[in-house]
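Heads up: the structure comes next, in structure tokens.
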There are 2 protein chains.
Amino acid sequence: MLTMEDILAVTRVPFTSAEFKESVTARGLSLADISCISPSPGWYGPDEEGRRIVKVQCGSSEGTANFYMRPLEGLVVTVDVDRQEIVKITDEGRGIPIPGGTGTDYRYSAQDRPVEMDPVNPISMEQPKGPSFKIEDGHTVRWANWRFHLKADQRAGIIISQATVRDSETGEPRSVLYKGYPSELFVPYMDPDDGWYYKTYMDAGEYGIGALTFSLVPLNDCPRHSYYMDGVFVSSDGKPFVQSNIICVFERYAGDISWRHSDSSVKGVELIREARPKVTLVARTAASVGNYDYIFDWEFQTDGLIRVENVIGVVHDHFINYYLDMDIDDLNNSFVKVHLEKQETEPGTTPRKSYLKAKRYVAKTENDAKIKLKLYDPSEFHVVNPSRKSRLGNPTGYKVVPGGTAASLLDLQDPPQIRGAFTNNQIWVTPYNRTEQWAGGLLVYQSRGDDTLAVWSNRDRPIENKDIVLWYTLGFHHIPCQEDFPIMPTVSSSFDLKPVNFFERNPILRAAPNFDKDLPFCTLSNLP
Amino acid sequence: MLTMEDILAVTRVPFTSAEFKESVTARGLSLADISCISPSPGWYGPDEEGRRIVKVQCGSSEGTANFYMRPLEGLVVTVDVDRQEIVKITDEGRGIPIPGGTGTDYRYSAQDRPVEMDPVNPISMEQPKGPSFKIEDGHTVRWANWRFHLKADQRAGIIISQATVRDSETGEPRSVLYKGYPSELFVPYMDPDDGWYYKTYMDAGEYGIGALTFSLVPLNDCPRHSYYMDGVFVSSDGKPFVQSNIICVFERYAGDISWRHSDSSVKGVELIREARPKVTLVARTAASVGNYDYIFDWEFQTDGLIRVENVIGVVHDHFINYYLDMDIDDLNNSFVKVHLEKQETEPGTTPRKSYLKAKRYVAKTENDAKIKLKLYDPSEFHVVNPSRKSRLGNPTGYKVVPGGTAASLLDLQDPPQIRGAFTNNQIWVTPYNRTEQWAGGLLVYQSRGDDTLAVWSNRDRPIENKDIVLWYTLGFHHIPCQEDFPIMPTVSSSFDLKPVNFFERNPILRAAPNFDKDLPFCTLSNLP
């Protein structure tokens, strides 16, 4: 992948070219104001063969830190990364005006007046006794009924592994997820023009999510009382370096309800009003890939649910593939499609003409588990342990609850879609194979799509009652609007891993409600 | 609709019957422990004609408040509501054992040991200066850049009206939503058997969401610092009564981010790290319809987004239709389908074979706006004001961002589906008509589906540049699992109303970050 050293080096190369400099000054701009980025070229055929290239593009940061909003449209400098020399300069946009920078600077220090709204009083998730999670050996997180290993990874950002949840009856830890992380991000832009067609990023494999994560901003990226974790990564020359505070861990209480029931119809009982607050644990990182920001949350709930959320801070189609090595109660699991089928009734037997029935189909091989989601032909998707049964005889399991279901609409033979072919289905299941970790292939930069999830799973291997990996792709279509300018409000989407007959019953039924006496007493810290 | 007086009366009627009492005692149960509910009959033909009926069913609350878990299966008492007499007793389940009550009581007072997890320290959303919203005249809520009218309604639960958001540049209030509320809930059970086939509830029209809402539980249904609002409703005899504390309003900070950007590639600028916390305003109610609990949230964001969320506390298919009388900047609006279409490129013009293009289709009549959502043929759905343009020439608008997209799979000719025909599409748009307020019809109890949204919109009236109403159905398929027993953890789904070229730019770009000095200092209130 491109390293930070590569990026710093290639963005300097255009300034060695008289042609580039002449093009900048011909546009009436000063070279001192030009900032550049390092887009990857995708792979479109033999032109890219035999060398690592970057398509450097630049903008003017005169009067704004937001040089993405002042692009030198049509000026693309193709640079050989290893030789640090220019391969080609395309300069077709001199007639396109450079937008002004007014109002594009997003920094707080650059604002000259507040936003038009009544002020919001200070509000904070407060924990006078401090957070209730513990972190052992710097990486093992224990909280409520959860235990998991958390680490920063140069390519994946966050890796969760060996997640276990305590059984609500026996108190024993039970395995849920051996390893989970975003295995690839595919971001095709939708413009076939010369300065844009190649923008079909695969951010994890080409740049690295962790590599492009800067220290999180306390109180704003993460709430007070967060625990921050560093990443220890490797630079081009093999030396380690520390990226500090790139993961935060915090407990969340958002005023939500974990379960409730009121009832006035129970004989001999006064009105019943029972409700329980929902408190969760979040592990977060936030990467800045050029003008994109990606926020990655793993949220653990006491009812056994894991929510995997992505929040996105800039435009275009985004597909984020998650590697999920599920180990429900043990290694050997099966993938079950629970299909909702319309049943017609027999005339005369009931006043109803139809009803839904849930039918179970156990996937024997990979082809049985290539799922394109459909709204009018719905299913649930379970990973179960066929050898471990509940008291009622159900295999213990978790289901994937889809969200962010946008699918790629590119032509299957389009070069970017061949490389991003893991988006051809939304769910895939493969037998565990230690060489199959990254949906877009191990070596992604300028790859041709011959080492992807779509290729591996063509072998149609058996997956029943085996150590299986589920791959889920979270998709966003993003059509820009004016509210996205000059930095958009966040957009989020998520999918859930949810217990289904994993517990014998609601595992948090016995949880205590909130009592006022236990909650904090607060004053403003800036008061005397 | 059934009133609370009707419900209390009909659930007493079975106890006047020797046959019913004999059936209870023959099951080995004591009449003193029998609690009953009042399921509506749907409409399945002439049997129901000429009288209002209820199909009373009962369970034993011996040893548990959760009598739904101890049902007298097969015993259905059809009661004439007005005459308060029995029409028919079906008694077919004497051979079916009554499940034991052990472990089914959900009340905190009934628990004998805590749940198996490490304790979670006190955590609370704290506001030492108090909430920043103001409520004028008991109903007009002002907060940040929002102003709207909020009221409790016997049928709809919460009604939001005249919602305006302040323009981020001019500070002027601008209209977004004239009126919004859940117009019907359709809950078909999926069992054609005699004791079950008729359970195809339309909860808003048959019972009333507000009517079945009990006082919210402070600190558990709603966080500290919530404001509580009463409902003033009408009883059978026309007299008003107060249902207290059935709505809460609170500010939410959940550790989320409203926008962020970090950047290391701006020439002449140190590493940039900008992030802003997301604070929102929530209006909530929570109804208990028999063993169901529905939580209804309206969440207002400072970036102009409104999130409409439903949280569900029990089982089966659920379809919640929302009436959304959008008034974007004024009365006359249009509905625009922005269709994402795959474009093939011309060979030789670009290395790309395909890209996506967004094409706009303005709906002329109701038929153009009957939308079945499709994942592989995606669109955005905008409501715009064609007379009000942004500086760049875009009509100002909001889009509906779908969520909870489960569609009904029942046969279109099945009686419950005829009554719940508003679920035949997920989006409908009608011209405003003051007689068309409730998707399932004005009079729903035992209705035949001849006064529903599906019927009105058959007229295919013009909807372009008119005062239009958008109807959105949030759908859940629910296949029960053991974790749902005896009271399930909440499940949630939502859709968004999101500004799209409504503002000239990101309306919260100038918002201030959190600073530590502004946040509270907290101690435990139960410490000396």
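The values are calculated or read from the model by the stated rules, or taken from the named source; none is laboratory data. Because the structure is predicted, anything quoted here is derived from the model rather than measured. Cβ placement follows ideal geometry from the backbone for every residue including glycine, while neighbour counts extend to all protein chains displayed. These accessible areas exclude ligands, DNA and RNA; they are computed on the full protein's heavy atoms, side chains included. Shrake-Rupley method; radii C 1.70, N 1.55, O 1.52, S 1.80 Å.
For residue A:92, the amide hydrogen comes within under 5 Å of the amide hydrogens of A:75, A:76, counting only partners 5 or more places away or on other chains and with H modelled in the peptide plane.
Hey, could you get me the Stokes-Einstein D for the stretch B:380-443, Kirkwood radius over alpha-carbon pairs, 10 °C and 1.306 mPa s, rounded to whole µm² s⁻¹? It would help to have the intermediate numbers written out before the result.
On the way: Rh = 14.8 Å.
The diffusion coefficient I find is 108 µm²/s.
Residue B:82 label point (Cα plus 7 Å toward Cβ) to equivalent points in the other copies: 9.0 nm, shortest first.
Rg then Dmax, both in Å and based on the Cα atoms of the stretch B:135-518: 22.3, 79. Straight-line reach only, C-alpha to C-alpha below 20 angstrom: list the lysines that residue B:151 could link to, leaving out same-chain residues fewer than 8 apart. In chain and number order, the partners are B:134, B:179, B:239. Per-residue extension of 0.36 nm, minus the Cα-Cα distance of residue A:51 and residue A:149, leaves a gain of 31.4 nm for this segment. Each label point was placed 7 Å from the Cα along the Cα-to-Cβ direction; for residue A:346 and residue B:339 their separation is 4.5 nm. Interface residues of the stretch A:441-483, defined as those with an accessible-area decrease of at least 20 Å² between the chain by itself and the complete set of protein chains (probe 1.4 Å), are A:477, A:479, A:481, A:482, A:483. Basic side chains Lys and Arg get +1 at the Cβ, acidic Asp and Glu get -1 at the Cβ, and with that the dipole of the stretch A:350-419 about its Cα centre reaches some 620 debye.
Count neighbours as other Cβ atoms within 10 Å of each site's Cβ, and list the trypsin sites (Lys or Arg not before Pro) in the stretch B:384-489 that are DSSP loop with at most 14 such neighbours.
Answer in residue order: B:391, B:434.
Close amide H partners of residue B:179, meaning residues 5 or more places away or on another chain with modelled amide H under 5 Å apart, are B:162, B:325. Computed about its Cα centre, the charge dipole of the stretch A:4-106 is approximately 140 debye, with only Lys, Arg, Asp and Glu carrying charge at their Cβ.
Calculated on the alpha-carbon coordinates, the convex hull of the stretch B:4-106 measures out at 107 cubic angstrom per residue. Between residue A:5 and residue A:140, the simple label model (points 7 Å from Cα in the Cβ direction) yields a spacing of 3.6 nm. Each Lys and Arg Cβ is given +1 and each Asp and Glu Cβ -1; about its Cα centre, the protein assembly as shown then shows a dipole of about 320 debye. Annotation: lysines with alpha-carbon distance below 25 angstrom to residue B:129 (same-chain offsets under eight excluded): A:129, A:278, A:517, B:278, B:517. At q = 0.19 Å⁻¹, what is the base-10 log of I(q)/I(0) for the stretch B:179-313 according to the Debye formula with one equal point scatterer per Cα and no solvent? Please give it to two decimals. The computed values of log10 I(q)/I(0) come out as -1.15.
Converting phi to 3J(HN,Hα) with the Karplus coefficients 6.51, -1.76 and 1.60 and the offset θ = phi - 60°, the stretch B:459-468 yields 5, 6, 6, x, 10, 7, 6, 9, 6, 10 Hz in sequence order, with x at every glycine or proline. Couplings 3J(HN,Hα) of the stretch A:360-373, computed from phi: 9, 10, 7, 6, 8, 9, 4, 5, 5, 10, 8, 10, 9, 5 Hz, in residue order, whole Hz [Karplus 6.51 cos²θ - 1.76 cosθ + 1.60, θ = phi - 60°; x for Gly and Pro].
Before we go on, tell me the buried accessible area for the B/A pair, both chains summed, 1.4 Å probe, in Å² to the nearest 100.
Working: alone 27250 and 27270 Å², together 38240 Å².
Chains B and A together bury approximately 16300 Å².
For the stretch A:185-215, a drop of 20 Å² or more in accessible area on going from the chain alone to the assembled protein chains (1.4 Å probe) is found at A:190, A:192, A:197, A:214, A:215. Accessible surface for residue A:463 stands near 0 Å², nearest 10, in the context of the full protein assembly shown (1.4 Å probe). Calculated [222 nm] ellipticity per residue, helices only, for the protein assembly as shown: -1000 deg cm²/dmol; basis is -39500 (n - 2.57) per DSSP H run with n ≥ 4, divided by all residues, nearest 500. Can you give me the % of accessible surface on the protein assembly as shown that is carbon or sulfur? Probe 1.4 Å, all protein chains present, nothing else counted. Looking at the protein assembly as shown in its full context, I get 50 percent from C and S. Across the stretch A:102-115, coupling constants 3J(HN,Hα) worked out from phi with the 6.51/-1.76/1.60 Karplus curve, θ = phi - 60°, read 4, x, 9, 6, 9, 5, 4, 5, 8, 7, 9, 7, x, 6 Hz, and Gly and Pro carry x. Projecting the Cα atoms of A:291, B:159, B:64 onto the charge dipole of the protein assembly as shown, computed from C-beta unit charges around the Cα centre, puts B:64 farthest toward the positive end.
With a Cα-only, solvent-free Debye model of the stretch A:277-408, what are the log10 I(q)/I(0) values at q = 0.11, 0.17, 0.22 Å⁻¹? Each listed q maps to, in turn, -0.60, -1.14, -1.37.
Taking amide H as placed 1.01 Å from N in the peptide plane, the amide H of residue B:388 sits under 5 Å from that of B:396, each at least 5 places away or on another chain.
Think of it this way: in chain A, A:481 stand alone, with no other Cys Cβ under 4.7 Å.
Between residue A:360 and residue A:241, what length comes free when the chain is fully extended (0.36 nm per residue of separation minus the Cα-Cα distance, one decimal in nm)? Don't jump to the answer; show the numbers that get you there.
Working: separation 119, 0.36 × 119 = 42.84 nm, distance 4.98 nm.
So the extension gain works out to 37.9 nm.
Rank B:394, B:232, B:204 by how far each Cα sits towards the positive end of the charge dipole of chain B (+1 on Lys, Arg Cβ; -1 on Asp, Glu Cβ) and give me just the farthest. The Cα lying farthest towards the positive end belongs to B:394.
When only the heavy atoms of the protein chains count and the probe is 1.4 Å, how do B:191, B:221 rank by accessible area, highest first? It would help to have the intermediate numbers written out before the result.
On the way: B:191 50, B:221 0 Å².
In descending accessible area the options line up as B:191, B:221.
Each listed q (0.05, 0.09 Å⁻¹) maps to a log10 I(q)/I(0) for the protein assembly as shown from the Debye sum over equal C-alpha point scatterers, namely -0.32, -1.07.
The Rg/Rh ratio for the stretch A:387-491 is 1.08, where Rg is the radius of gyration of the alpha carbons and Rh is the Kirkwood radius. If the label point is 7 Å along Cα→Cβ of residue B:413, which residues in the stretch B:451-470 have backbone nitrogen under 20 Å from it? Output list for this probe position: B:451, B:454-455. With the charge dipole of the stretch A:422-528 set up from +1 on Lys and Arg Cβ and -1 on Asp and Glu Cβ about the Cα centre, the Cα lying farthest toward the positive end among the listed residues A:447, A:470, A:489 is that of A:470. Distance between the modelled labels on residue A:18 and residue A:433, one decimal in nanometres: 5.4 nm (7 Å Cα→Cβ projection). In the stretch B:232-252, the residues whose accessible area drops by at least 30 square angstrom when the other protein chains are added to the isolated chain are B:252; the probe is 1.4 Å and only protein heavy atoms count.
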